[in-house]
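Read through the structure below, which is laid out as structure tokens, and then see the notes.
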Amino acid sequence: MSLNAALSIATSGLLNVNSQLALLSHNVANASTPGYVTESLSQQSITADGMGLGVMSGPATRDL
């Protein structure tokens with residue numbers, strides 16, 4: 001694995017964690033808002049030929 005690939009994997013993981021934390025803080029900030037429905041992000045690992053390439057975040061979905 002090259003250094004560029006390792007940095008790309010680490011970057012995508014950190015961006016995914018950042019997205020998850022931003023959505024979590026949004027959910028906490030709106031917890032007492034009437035009618036607010038919590039949201040969650042899906043995440044999926046990216047691989048090619050059995051080698052990990054990073055993580056991909058999906059769109060935010062409402063948890064009804």
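The values are calculated or read from the model by the stated rules, or taken from the named source; none is laboratory data. Model, not experiment: these values are computed from the prediction. Ideal geometry is used to build each Cβ from the backbone, glycine not excepted, and the neighbour counts take in all protein chains shown. Just the protein is used for accessible areas: all its heavy atoms, side chains included, with ligands, DNA and RNA removed. Shrake-Rupley method; radii C 1.70, N 1.55, O 1.52, S 1.80 Å.
Listed here are the residues, each with its yes/no results for (1) among the charged types (D, E, K, R); (2) in contact with a Gly (Cβ under 6 Å, 6 or more places away or on another chain); (3) closer than 19 Å to Met1 by Cα; (4) in contact (Cβ under 8 Å) with a residue 24 or more places away in the chain.
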residue: Asn18; (1), (2), (3), (4): no, no, no, no
residue: Thr38; (1), (2), (3), (4): no, no, no, yes
residue: Gln44; (1), (2), (3), (4): no, no, no, no
residue: Met51; (1), (2), (3), (4): no, no, yes, yes
residue: Gly58; (1), (2), (3), (4): no, no, no, no
Answer residue from segment 27-49, given it is assigned to a helix (DSSP H, G or I) and open to solvent by less than 80 Å² (accessible area, probe 1.4 Å) and is nearest to Leu64 (Cα to Cα) among those: Asn27
Look at segment 1-26 and say how many of its residues are under 16 Å from Ala48 (Cβ atoms), open to solvent by less than 80 Å² (accessible area, probe 1.4 Å) and part of a helix (DSSP H, G or I). 5
